[in-house]
Amino acid sequence: MSSSSPVRRRVRKTLAVALAGTWLAACLVACRPKPPESTGTTLPAKAPTAPPPLLADWKEPRAVILFTGDIHGYLEPCGCTEGQSGGFALRGDLLRQLREEKKWPTTALDVGGTLNDSRVTYPQTLIKFSIILKGLNELGYQGLALGKEELLLGAQQLFTEFTNVSSQPGFHVPFLGSNVTIFGSKELGTPSDTRIIEVGGLKIGVAAVTGMSTRSALENAGVLRDPNELQVQDPRTVLPGMLEKLKAEKPDLLVLLSASDMQESQALAKEFPDFNIVVTSESAEDPRPDPVYIDKTLLVQVGKKGKNAAVVGILPDGKLESTVIELKVDRFKDLPEMVDLMREYQERLKADWPALSAQSISDPKTGSFMGAESCKKCHTYAYSVWSNTKHAHAYESLAKGRPSEAEHWISRIYDPECLACHTTGWDPQKALRHASGFTDMQKTPLLAGQQCENCHGAGSKHVAAEEGWKPGAPVTPEQAAEREALRLTLSRAKTDVCLKCHDGDNSPHFDFDKYWPKVNHSGRKN
């Protein structure tokens, strides 16, 4: 859903030296299979089939609660492949349909896991977290449980974010953490122990815990080393008191948001059966829609990467209806307010680009990145093949989108999670720039697009070794070593290289054996 997601498409070039390489590590649009050849028969176009009414088999509930979580940084799906599910804009339309079309009183809660835990130190992550909080607020959420990813930000950053958002008029998405304490005090205003939500004339009591399974991960990361800064207690020691506090409000329903693994959430549901609903993190990426009960407690799974949302209806007789809804483009449309939020996100990335682009990792051992023009002199055949593929225009796709999207396209040319698979000199899995990698079109225009060096390696040492050498002269040991360093076999390209961008999220239909012939540039055919 870009940890990003999110919007990564990959295109790869061939480097100055390689005998065999792959241009495949690129976005799906860069190497889309050709359609079947026409048989000459024109069939009438089928009218699009309207999806069935939303939750048509449900009895009308008194109230509905939407549960989400574990988006892991996916504000929206990557976008490299059309028709991908998920994202804030489609989720917003689900809420709109429930509230405006179904006219069902609806609220929403999130079990946490909003960020990519491997990128919590990135400047982009803080911008993303701020946008997520704003999005949850605009969609009418009533609470965000603090999970592993949020707590990895640390107490100071959490308190800063809380201070920033809580001071804004109309903000109503408190951090929830019944067993979480920052700076040794529960009097700071965050996180809240519990919350009472009123919807459809019902009172919903909510508690949220960070599980012991999650605490272990936090301990390993070192964020719990000072209990005076951040403390996570055993949920079992605090939940009895939280239940007593909630019951004093005479709620109609009790909900526990469990930022824990599935096994621990199931155990908590058994141990504290007073909760009518337990919402767990760390469920399957695409959970089954069928209700799951632990004795009489409904166990809600929200999936991962924002592709799904769990919906629970409270019927007039007190019984619960529940299902998991995939946020598919043929069922939901982009909510304009969330599209505007995605545009704001990209504008903030642009405004902070100096800081974002300053974060870099060291260059590969093969040297610095030179650009395909440095390869062209010797590798004319490979260059001519590459220059006629969509790989060569990967950067342009970030700026303009598909032709069908041009009118409403939001440029992603300052989004590191997109640039990582659309320019040269980035680590696509870490979404970090190498020191000599692409920065922007003003500083490094020759590194735009997916070029040779993304597959074969940075080429400065190879270029230096070849300078002054004349064809027919003996190859020096240095030349031979640098040539070998950049040689890429098809087998290694297939297993180790292309999948860095053509992964399951960005290119779910990728098939190396089908795509390679479209970009085959093997050998020196000058």
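The values are calculated or read from the model by the stated rules, or taken from the named source; none is laboratory data. Computed from a predicted model, the values in this text were never measured in an experiment. Methodologically, a virtual Cβ is constructed for each residue, glycine included, from the backbone with ideal geometry; neighbour enumeration extends over all protein chains shown.
Scan region 160-173 and tell me whether some residue there is farther than 30 Å from ASP252 by Cα and aromatic (Phe, Trp, Tyr).
no
Can you pull out every residue in region 286-322 that is acidic (Asp, Glu) and assigned to a loop (DSSP other than H, G, I, E, B)?
ASP286, ASP290, ASP295, ASP317
Do we have any residue at all in region 474-482 that's in a loop (DSSP other than H, G, I, E, B) and β-branched (Val, Ile, Thr)? Give the steps one after another, and end with the answer.
If we filter region 474-482 for residues that are in a loop (DSSP other than H, G, I, E, B), which is where we start, we get 474-476.
Subsequent filtering for residues that are β-branched (Val, Ile, Thr) retains 475-476.
The answer is yes, given that some residue of region 474-482 is in a loop (DSSP other than H, G, I, E, B) and β-branched (Val, Ile, Thr).
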### Query
So GLN168 clears everything in (1) surrounded by fewer than 17 Cβ atoms within 10 Å (Cβ to Cβ); (2) over 17 Å from the mean Cα position of the chain (by Cα); (3) closer than 27 Å to SER260 by Cβ except one condition, right? Which one?
(3)
### Selection status of ALA399, among the aliphatic types (A, V, I, L, M), farther than 19 Å from THR444 by Cα and assigned to a helix (DSSP H, G or I)
no
### Message
Where the second residue is in a helix (DSSP H, G or I) and the first is of a type in the set (A, V, I, L, M, F, W, C) and lies in region 397-408, which pairs have Cβ atoms under 7 Å and are six or more apart or on separate chains?
### Response
LEU398/CYS418; ALA406/LYS400
### Query
Looking at (1) closer than 20 Å to LEU256 by Cβ; (2) among the hydroxyl-bearing types (Ser, Thr, Tyr); (3) surrounded by fewer than 18 Cβ atoms within 10 Å (Cβ to Cβ), which is the only condition TYR141 fails?
(3)
### Task
Collect the residues in region 187-227 that are surrounded by 15 or more Cβ atoms within 10 Å (Cβ to Cβ), of a type in the set (D, E, K, R) and assigned to a loop (DSSP other than H, G, I, E, B), keeping them in residue-number order.
ASP193
### Query
Mind checking whether some residue in region 114-135 is among the basic types (Lys, Arg) and more than 16 Å from THR68 (Cα to Cα)?
yes
### Task
Those residues that are over 14 Å from the mean Cα position of the chain (by Cα) and either outside any loop (DSSP other than H, G, I, E, B) or over 18 Å from PRO123 (Cβ atoms) (or both), I need them from region 422-442; list them, please.
HIS422, THR423, THR424, GLY425, TRP426, ASP427, LEU432, ARG433, HIS434, SER436, MET441, GLN442
### Task
Assess whether LYS134 counts as being part of a loop (DSSP other than H, G, I, E, B) and surrounded by fewer than 21 Cβ atoms within 10 Å (Cβ to Cβ).
no
### Task
Could you tell me which numbered condition THR366 fails, if it satisfies all but one of (1) under 15 Å from LEU419 (Cα atoms); (2) part of a loop (DSSP other than H, G, I, E, B); (3) not acidic (Asp, Glu)?
(1)
### Query
For region 448-460, does any single residue satisfy the condition of being touching a helix residue (DSSP H, G or I) at 6+ places or on another chain (Cβ under 7 Å), assigned to a strand (DSSP E or B) and closer than 30 Å to PRO77 by Cα?
yes
### Message
I'd like to check something: does region 52-73 contain any residue that is among the acidic types (Asp, Glu), within 23 Å of PRO291 (Cα to Cα), at pLDDT 95 or above and buried (at least 21 other Cβ atoms within 10 Å of the Cβ)?
### Response
yes
### Task
Kindly check whether there is at least one residue in region 304-324 that is surrounded by fewer than 20 Cβ atoms within 10 Å (Cβ to Cβ) and closer than 25 Å to GLY79 by Cα.
no
### Message
I'd like the full set of residues that are outside any loop (DSSP other than H, G, I, E, B) and of a type in the set (S, T, N, Q), limited to region 231-268.
### Response
GLN231, THR237, SER258, GLN263, SER265, GLN266
### Query
Is it the case that region 159-172 has a residue that's touching a strand residue (DSSP E or B) at 6+ places or on another chain (Cβ under 7 Å), farther than 19 Å from TYR74 by Cα and assigned to a loop (DSSP other than H, G, I, E, B)?
yes
### Query
Quick check: is even one residue across region 509-516 among the acidic types (Asp, Glu), closer than 21 Å to HIS393 by Cα, touching a helix residue (DSSP H, G or I) at 6+ places or on another chain (Cβ under 9 Å) and assigned to a helix (DSSP H, G or I)?
no
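In region 275-285, which residues are surrounded by 15 or more Cβ atoms within 10 Å (Cβ to Cβ) and either assigned to a loop (DSSP other than H, G, I, E, B) or among the aliphatic types (A, V, I, L, M) (or both)? Can you show your working first?
Restricting attention to region 275-285, the residues satisfying the condition of being surrounded by 15 or more Cβ atoms within 10 Å (Cβ to Cβ) are 275-283.
Listed by number, the residues that qualify are PHE275, ASN276, ILE277, VAL278, VAL279, SER281, GLU282, SER283.
Got a number for residues in region 352-391 being of a type in the set (A, V, I, L, M, F, W, C), in contact with a helix residue (DSSP H, G or I) (Cβ under 9 Å, 6 or more places away or on another chain) and either more than 25 Å from TYR515 (Cβ to Cβ) or modelled with pLDDT of 95 or more (or both)? Steps first, please.
Taking region 352-391 and keeping what is of a type in the set (A, V, I, L, M, F, W, C), we get 353, 355-356, 358, 361, 369-370, 372, 375, 378, 382, 385-386.
Checking the rest, the ones that are also in contact with a helix residue (DSSP H, G or I) (Cβ under 9 Å, 6 or more places away or on another chain) come to 355-356, 358, 369-370, 372, 375, 378, 382, 385-386.
In the following step, the residues that additionally are either more than 25 Å from TYR515 (Cβ to Cβ) or modelled with pLDDT of 95 or more (or both) were identified as 355-356, 358, 369-370, 372, 378.
Residues meeting the conditions: 7.
Pull up region 345-377, narrow it to residues that are acidic (Asp, Glu) and surrounded by fewer than 14 Cβ atoms within 10 Å (Cβ to Cβ), then point me to the one that is farthest from GLU285 (Cα to Cα).
GLU373
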